[in-house]
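The values are calculated or read from the model by the stated rules, or taken from the named source; none is laboratory data. Remember, predicted model here, so these are calculated numbers, not experimental data. Counting neighbours? That spans all protein chains shown, and the Cβs are built from the backbone with ideal geometry, glycine included. Accessible surface is based on the protein model in full, side chains and every heavy atom, while ligands, DNA and RNA are left aside. Shrake-Rupley method; radii C 1.70, N 1.55, O 1.52, S 1.80 Å.
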Amino acid sequence: MIQNEARDVLNTLLVDLFNDILKIEASVLKEGEFNDLSVTEMHIIEAIGLDREMTMTEVARDLEITVGTLTTAINRLIKKEYVERRRIEEDRRVVLVNLTSKGEEVYKVHQVFHEEMICAMLSNFSDEEEQVLSKSLEKLNTFFEEK
């Protein structure tokens, strides 16, 4: 019985954490300078990253979405001037995307948000608790990656 209660608590915590992080990200985006972005669009910008070009296929694979779904989002990000797209001359089927200077700026702002969130969270933890949390989250991440 206690084991089932513990599992229920863990399930609730994981769902709540996931939803809370998404809500916080959405509210920070809406209140900030880059309020024309959705959380999904921010995750695409994050997947593209700084100082590199990626193929649409690579970005779609990293985000675990279809190239068609990504194409729709990339078209919106191009209109908003966060992303650029180009075809390579050797094989016109290959489409590369990279961040514009505006995209790089929002990427950096979002990284600061993540750093501040982690620092604020860890400020309440001892070194030992931080290590236990880190190991536990690594195991959890491995589990989800295998699914």
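Below are the figures for this structure:
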| item | result |
| --- | --- |
| Test for Lys108: is it within 18 Å of the chain's Cα centre (by Cα), among the charged types (D, E, K, R) and at pLDDT below 95 | yes |
| Near pairs, Cβ below 8 angstrom, 6+ apart or cross-chain, from region 64-81 (without any contact (Cβ under 8 Å) to a residue 12 or more places away in the chain and under 14 Å from Gly103 (Cα atoms)) to any residue that is open to solvent by 60 Å² or more (accessible area, probe 1.4 Å) and among the charged types (D, E, K, R) | Ile78/Glu84; Ile78/Arg85 |
| Which numbered condition Tyr82 fails, given (1) farther than 21 Å from Phe144 by Cα; (2) exposed (fewer than 12 other Cβ atoms within 10 Å of the Cβ) | (2) |
| Of all residues in region 25-35 being surrounded by fewer than 18 Cβ atoms within 10 Å (Cβ to Cβ) and touching a helix residue (DSSP H, G or I) at 6+ places or on another chain (Cβ under 9 Å), the one that is farthest from Lys80 (Cα to Cα) | Ala26 |
